[in-house]
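Below you'll find the structure, written out as structure tokens, and then a few comments.
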Amino acid sequence: MAITQSAYFDLSARDIAAPSGCPVDHGFSPFNDSYVADPYAALAAKRAEEPVFYAADLGYLVLTRMEDVAEVLRRSDDFASTNVQHPVYPVGDAAAAVLASEDFNPQPVLSNQGDPVHSRVRKHAMAGFSGRRMRLLEPVIRNRCEALVDEFLAGGPPGEFTHVVGHRLPGETIYRLVGFPEADDPKLFEWSTDRLDFTWGRTDEEAQVFIAESMVAYWRYCVAHVERCRTTPGDDLTSELVAVHAEDPDALSLLEIASVLYGLSFAGHEIVSYFLANGLIRLLGDRAQWQAVCADPSLIPGAAEEILRFDSPQTSWRRVAVRDTAIAEIEIPEGTQVFLSLASANHDPAQFKNPDGFDIHRENSRSHISFGRGMHFCLGNRLATMEAVILLETMTARAPDLALVPDMDISYIPNFTLRGPRELWLTW
Ligand code: HEM
């Protein structure tokens with residue numbers, strides 16, 4: 001199916017040989033049941049014995065040490081991010097046909113783009129995450145969070161957190177940030193469902209077609225929203241970007257603005273849902289630490305950083321070598337795909353004392369690598385953290401007796417890159 005390499009998604013299969021002199025592992029996969037349940041045990045063993053290895057089933061060179069992961073993220077001249085949005089598993093013809101639609105043309109602008117385009121677009125997109133915009137958003141998020149938590153508490157106990165609060169809070173936050181009208185939320189949520197599965201999951205053909213159709217519908221909506229902001233600007237990120245375009249069309253094209261919007265719902269929605277859920281699982285799983293944050297809310301920002309370190313919603317990220325180069329003394333040819341284990345780096349004993357202990361008082365939790373490093377460092381890091389802090393402040397104040405439903409088996413989503421529970425049942 002004719003989707004080009006320059007498009008947002010490269011749908012073709014990739015077959016890349018192991019770098020020579022590198023240990024080869026035939027079993028490692030983020031889709032293994034044991035990894036999905038708990039990636040940390042398997043990663044600790046690899047980090048201790050073979051910190052750099054080639055995962056033959058995946059076709060990726062895997063890096064597990066903080067030092068190596070951070071180095072690759074910083075060396076953007078040698079390792080490009082152009083592969084980060086490519087579906088991990090090849091997409092079938094039927095879904096590829098849907099995405100071949102002539103007007104489906106999102107452009108790589110941020111996470112999957114290099115310079116000079118990346119820096120030019122990022123400079124303007126940063127406006128959406130400025131101190132001023134965060135201050136404007138803070139009360140909006142807090143009000144909405146309180147309403148959602150009240151709805152959640154009114155429906156139980158027990159209550160299922162992810163559907164009532166976990167997905168809606170971050171989704172609605174991004175929609176307000178870019179100025180999508182509230183009335184459109186139901187269809188926006190419908191279109192964004194399962195999109196992360198398409199890229200980093202393993203989906204069957206029927207699901208792929210459904211997701212591809214939603215992606216096209218969502219893209220058309222982004223394009224129409226940019227047009228709407230040209231005629232009726234509001235106080236939102238899209239209108240700010242449209243104003244940049246009006247001043248100087250070469251600074252930012254309308255297609256690039258729509259592409260920023262398109263990418264943000266990928267970048268900042270479900271991952272934050274998983275951040276919130278993983279956070280509650282960790283804090284409620286350790287009663288003393290939960291009671292500590294209930295008694296002293298000033299501990300919450302530190303707890304949020306430790307949650308990001310200990311059980312990040314993003315466990316990996318990718319790069320591709322753009323020239324023959326080396327990392328950790330392994331020669332690697334151009335084209336080598338690299339799997340950066342953020343989860344493993346966050347538990348590296350060279351960086352963190354007692355790394356497998358969850359400790360909200362840890363002094364260097366913030367040295368985690370869950371938001372990346374270097375030129376692509378997460379644009380939404382402050383927003384994501386603010387959402388988690390507001391949620392924990394609201395939950396600890398409204399329901400200090402909150403607890404995990406006893407003996408609940410938490411089932412995690414099978415995903416190459418993200419980690420979070422399918423459902424989270426709480427009681428109080
Ligand atoms: C806990 C939640 C989040 C995590 C763990 C996370 C993680 C990441 C990571 C690992 C990267 C790549 C960094 C690199 O390549 O070095 C990234 C990039 C990015 N993130 Fe986030 N993110 C989160 C939330 C958000 C939110 C809420 C938004 C926006 C609403 C967002 C927007 C972005 C964007 C636009 C990029 C690309 C930046 C660029 O390439 O210049 N993220 N994020």
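The values are calculated or read from the model by the stated rules, or taken from the named source; none is laboratory data. Fair warning: this is a prediction, and the values are worked out from it, not measured in the lab. Note: ideal-geometry Cβ built from the backbone for every residue, glycine included; neighbour counts use all protein chains shown.
Summary of computed values
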read-out: Selected residue (only one of ARG398, ARG382, ARG422 is touching a Ser or Thr at 6+ places or on another chain (Cβ under 9 Å) and of a type outside the set (A, V, I, L, M)); value: ARG422
read-out: Some residue of region 257-274 being among the polar types (S, T, N, Q) and at pLDDT below 90; value: yes
read-out: Condition check for GLN107: away from the ligand (no atom under 11 Å from the Cβ), assigned to a loop (DSSP other than H, G, I, E, B) and surrounded by 18 or more Cβ atoms within 10 Å (Cβ to Cβ); value: yes
read-out: All positions within region 80-95 that are within 13 Å of the ligand (Cβ to nearest atom) and not in a loop (DSSP other than H, G, I, E, B); value: ALA80
read-out: Residue check, ARG47 among the basic types (Lys, Arg) and closer than 30 Å to MET126 by Cα; value: no
read-out: Among the candidates ALA147, ALA125, ALA95, residue that is at pLDDT below 95, of a type outside the set (Phe, Trp, Tyr) and over 24 Å from THR315 (Cβ atoms); value: ALA95
read-out: Which listed residue, of ILE211, ILE174, is within 25 Å of LEU136 (Cβ to Cβ) and part of a helix (DSSP H, G or I); value: ILE174
read-out: Region 124-142 residues that are without any contact (Cβ under 8 Å) to a residue 60 or more places away in the chain, paired with ones that are of a type outside the set (A, V, I, L, M) and in a helix (DSSP H, G or I) (beta carbon under 8 Å, 6 or more apart); value: VAL140/THR173; VAL140/ARG176
read-out: Selection within region 145-175 - over 22 Å from ILE281 (Cβ atoms) and buried (at least 19 other Cβ atoms within 10 Å of the Cβ); value: GLU172, ILE174, TYR175
read-out: Test for VAL98: is it near the ligand (Cβ under 10 Å from one of its atoms) and either farther than 13 Å from GLY374 by Cα or over 20 Å from the mean Cα position of the chain (by Cα) (or both); value: no
read-out: Residues of region 162-202 classified as more than 16 Å from the ligand (Cβ to nearest atom) and in contact (Cβ under 8 Å) with a residue 40 or more places away in the chain, total; value: 5
read-out: One residue from SER259, SER253 being polar (S, T, N, Q) and crowded, with 21+ Cβ neighbours inside 10 Å; value: SER259
read-out: Any helices (runs of 4 or more DSSP H) falling wholly within region 233-319 and containing at least 2 residues that are more than 16 Å from the ligand (Cβ to nearest atom); value: 237-247, 254-268, 287-295
read-out: Selection count, region 345-384, where residues are farther than 29 Å from PRO116 by Cα, of a type in the set (Val, Ile, Thr) and within 16 Å of the ligand (Cβ to nearest atom); value: 0
read-out: Failed item, numbered, when PRO355 is tested on (1) more than 19 Å from LEU196 (Cβ to Cβ); (2) modelled with pLDDT under 95; value: (2)
read-out: Per-region count, region 35-57, residues without any contact (Cβ under 8 Å) to a residue 40 or more places away in the chain and assigned to a loop (DSSP other than H, G, I, E, B); value: 4
read-out: Hits in region 333-357 - residues which are without any contact (Cβ under 8 Å) to a residue 60 or more places away in the chain and on the phi > 0 side of the Ramachandran plot; value: ASN354
read-out: Failed condition for ALA147, given (1) within 16 Å of the ligand (Cβ to nearest atom); (2) farther than 22 Å from ALA258 by Cβ; value: (1)
